[in-house]
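The values are calculated or read from the model by the stated rules, or taken from the named source; none is laboratory data. For clarity, every value in this text was computed on a predicted model and none was experimentally measured. Here the Cβ positions follow ideal geometry from the backbone for every residue, glycine too, while neighbour counts run over all protein chains shown.
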Amino acid sequence: MNDFIAQLTAWSGTVAGVLWGNGLTLLILLGMGFYLTIRLGLIQLRGFRHSVALISGRYNCPDHEGQISHFQALSTALSATVGTGNIAGVATAISLGGPGALFWMWVTAFFGMATKFTECTLALKFRQVDENGEMSGGPMYTLLHGLKMKRTATLFASFALIASFGIGNMVQANSVVDGLGYLFPEVHDNSWLVGGVLAFLVGLVILGGVNRIARVASAIVPVMALLYIGAAVLVLINYVDQIPAAFSTILNHALNPWAVGGAAVGEAIRWGVARGLFSNEAGLGSSPMAHAAARTNEPVREGLVAMLEPFIDTLVICTMTGLVIVVTGAWTLQNEALVGAALTAHAFQSSIGVAGASVVGIGLSLFAFSTIIAWSYYGDRSASFLFGARAVQPYRVIFTFLVMVGAAVPLKLVWNIADITNILMALPNLLSLALLSGLALRLKNEYFSKPFK
């Protein structure tokens, strides 16, 4: 069995390397965000202020179609993005790609804001309402109704279904064990038990559907995000004199091949973009499924709300994690035991003691839990699209069981699976964005030409 897992890990690593280690993939991902940024007139800057006003409840319309508020939709989508990518993903990117990877995460996030706006605006435009008033939307419906590309829609839903078991399930459960194991080493010997407890809690929530998921997410995410950011600020205060040097190190490793070598810059780009996409999911097509349930008849409004995700997830939270790892010097340690979440926990502990590591461990557990429940919704929407409503309950049972499996599977294998399914999801979605960007532009111009109500 161990030999089989080792072979599977090696094979999946080779495939992930081919998918992520070539310039074409990076050009497609960054290029689409750049293209949408230009075509939509820097929407991430011009629409930012209105985005904040929307989640404050200023423009809520109770009589509009939908199941959840703008804030709940944002919280649900953020609960899927704010998680291991912010704690373990940043640490992995810096471990494998150097500090410069953080810069390329920033680039991915900035352009990703335009991508999020477009994919979520289109999801609202082409969402579907069933006889019970339940909303379904996302790239599969955009491809089906907006472009009449049924086979490509089916392809996306299939990849999303598989991805929900990787990026949205096993990666999260695995990282919980990794984070808690740093605080309590015996956790590694009882990973199945940790996975069982996590699976039980997940099952309690996801049986309630999107409304219960949204309520739990809107309660967990803001509190844990603020607590985590607060702890990071304390670390940065302790190393305030090192912050300018940290930014210099990040930029050198990201952009200066004469200082660190061309190969190092290439690795920074590769891992920064890969982990940036993993963290904020811009272009992946996952978030539109959550935003499609928002209570609004204005597609552009939800696109503007969704645009805040990469900003909060990557430009704020990932930056905090990355700076803590760089200023404390944790990134220079050559210790195989300190990878992923454990490296982040070590960086926090080295500055503010056990309390810092505890914030990372507990925060990771809660972030991962919220990510799992949000991705269960993405998966059941995909299952419903592919096989009908009857497939939703069996899917939830399988999904819950795999939480336990993910807790015990080797970390490298899980990350490889996540990287492969990420890119396979992104490609059909990016195709729809390229073909329907003109429609998104027209919807944006029409919305901003009217007085806000």
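Is there a residue in the stretch 206-227 that is surrounded by 17 or more Cβ atoms within 10 Å (Cβ to Cβ), closer than 21 Å to L343 by Cα and either touching a Leu at 6+ places or on another chain (Cβ under 6 Å) or not aromatic (F, W, Y) (or both)?
yes
Any idea how many residues of the stretch 288-327 are among the charged types (D, E, K, R) and within 17 Å of the chain's Cα centre (by Cα)? Let's see the steps before the verdict.
Within the stretch 288-327, the subset among the charged types (D, E, K, R) is 295, 298, 301-302, 309, 313.
Still in the running and within 17 Å of the chain's Cα centre (by Cα): 309, 313.
Number of matching residues: 2.
Can you tell me which residue within the stretch 98-113, out of those that are closer than 22 Å to L424 by Cβ and among the aliphatic types (A, V, I, L, M), is surrounded by the most Cβ atoms within 10 Å (Cβ to Cβ)?
Result: M105.
Which of the residues spanning the stretch 59-73 are at pLDDT below 70 and either outside any loop (DSSP other than H, G, I, E, B) or surrounded by fewer than 20 Cβ atoms within 10 Å (Cβ to Cβ) (or both)?
At the first step, the residues of the stretch 59-73 found to be at pLDDT below 70 are 59-63, 66.
Selection gives Y59, N60, C61, P62, D63.
If only one of S365, S351, S358 is modelled with pLDDT under 85 and either more than 25 Å from A199 (Cβ to Cβ) or assigned to a loop (DSSP other than H, G, I, E, B) (or both), which one is it?
Among S365, S351, S358, only S351 is modelled with pLDDT under 85 and either more than 25 Å from A199 (Cβ to Cβ) or assigned to a loop (DSSP other than H, G, I, E, B) (or both).
Would you mind listing the helices (runs of 4 or more DSSP H) fully within the stretch 241-281 where at least 3 residues are at pLDDT 80 or above and over 26 Å from the mean Cα position of the chain (by Cα)? Break it down into steps so the answer makes sense when it comes.
Numbers: elements: 243-255, 257-260, 262-280.
Fully inside the stretch 241-281 and qualifying: 243-255.
Take the residues of the stretch 114-143 that are under 27 Å from I372 (Cβ atoms) and among the aliphatic types (A, V, I, L, M): which is surrounded by the most Cβ atoms within 10 Å (Cβ to Cβ)?
M140
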